[in-house]
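What follows is a short report on a single structure.
The values are calculated or read from the model by the stated rules, or taken from the named source; none is laboratory data. Since this is a predicted model, take the numbers as computed values, not measurements. Positions of Cβ are backbone-derived with ideal geometry, glycine not excepted, and every protein chain shown enters the neighbour counts. Just so you know, the surface numbers come from the protein's heavy atoms only, side chains and all, with ligands and any DNA or RNA stripped out. Shrake-Rupley method; radii C 1.70, N 1.55, O 1.52, S 1.80 Å.
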Amino acid sequence: MNLPEGKDKFLQSWGAFGSSWGVNRTMAQIHALLMIAPQALSADDIMEELKISRGNANMNLRALIDWGLVFKELKAGERKEFFVAEKDMWKVVKNIIIQRKKKELEPMLKVLDELSSVEGNDPEAEEFVRMIKEIKLFSSKADSTLDTLVKADSNWFVGTFMKMIK
């Protein structure tokens, strides 16, 4: 496989993978392109490489900046904005975890808090409350575990992970 083929396969695969962590395909492809770029790229460079519109590029770049996965880089004498991706994979994973928690887990925990106050003395209500409490307990433990992971440094995580798989 030559470099253009490998690059294209990576962009397509990362784009498909992006839907697993809660972003659209184009956002993930822009992220992938910036991760493998040896230098900062302009919105025009991104549009040309991925064959996307300016609006699509700008909207997804703003989202990537909000996620902490992409940063603006200013170049002296240039009017264009340039963009670079976070290339430290530990930071990338942590930022994705933070955003996923904010978008998915935290709202679910709020709903589970509300649902655990459902009243009723019949078997159906009791089973409902029991199940909601069980889901809430599991979700709270997941939230706590993710908080620990986000606060940890990569050396601790890798060491712990290696112990687990031995």
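Here are the numbers for this structure:
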{"item": "Helix axis angle, 25-36 relative to the chain longest principal axis, alpha carbon, degrees", "result": "60 degrees"}
{"item": "With every protein chain in place, the chain: carbon and sulfur % of accessible area (1.4 Å)", "result": "58 percent"}
{"item": "Protection proxy ranking of 120-127, 29-36 - average other beta-carbon atoms within 10 Å, highest first", "result": "29-36, 120-127"}
{"item": "Tilt relative to the chain, helix 154-165 - C-alpha long axis, 0 to 90 degrees, to 10", "result": "60 degrees"}
{"item": "Gain upon complete extension [Arg130, Gln39; 0.36 nm per residue less C-alpha separation]", "result": "27.3 nm"}
{"item": "Helix 3-18 vs. the chain, principal-axis angle (Cα, 0 to 90°, nearest 10)", "result": "30 degrees"}
{"item": "Cβ charges +1 (Lys, Arg) and -1 (Asp, Glu), total dipole of region 1-87, debye", "result": "120 debye"}
{"item": "Per residue accessible area of region 1-156, 1.4 Å probe, in Å²", "result": "63 Å²"}
{"item": "Rounded to the nearest 20 debye, dipole of region 42-164 from Cβ charges on Lys, Arg, Asp, Glu", "result": "620 debye"}
{"item": "Distance in nm between pseudo-label sites at Val150 and Lys75 (7 Å out along the Cβ direction from Cα)", "result": "3.5 nm"}
{"item": "FRET efficiency, 1/(1 + (r/R0)^6) with R0 45 Å, evaluated for Met89 and Leu137 via beta carbons", "result": "0.90"}
{"item": "Label assignment, P(r) over Cα pairs in 10 Å bins from 0, in percent derived from the structure, set [x] 10, 38, 38, 12, 2, 0; [y] 9, 28, 26, 20, 11, 5, 1, 0; [z] 9, 28, 20, 15, 14, 9, 4, 1, 0", "result": "[y]"}
{"item": "Cut-off under 5 Å, modelled amide H: who pairs with Ser42 long-range", "result": "Phe83"}
{"item": "Dipole axis of the chain (+1 Lys, Arg; -1 Asp, Glu on Cβ), positive-most option in Asn121, Pro4, Ile30", "result": "Pro4"}
{"item": "The chain: relative contact order in percent, alpha carbon pairs under 8 Å with at least 6 residues between", "result": "15 percent"}
{"item": "Listed residue pairs exceeding 27 Å between alpha carbons, taken from Lys80/Lys102; Lys103/Lys133; Lys7/Lys87; Lys7/Lys91; Lys9/Lys103", "result": "Lys80/Lys102; Lys9/Lys103"}
{"item": "Helix-only [θ]222 nm of the chain, DSSP H runs n ≥ 4, -39500 (n - 2.57) each, per residue, nearest 500", "result": "-22000 deg cm²/dmol"}
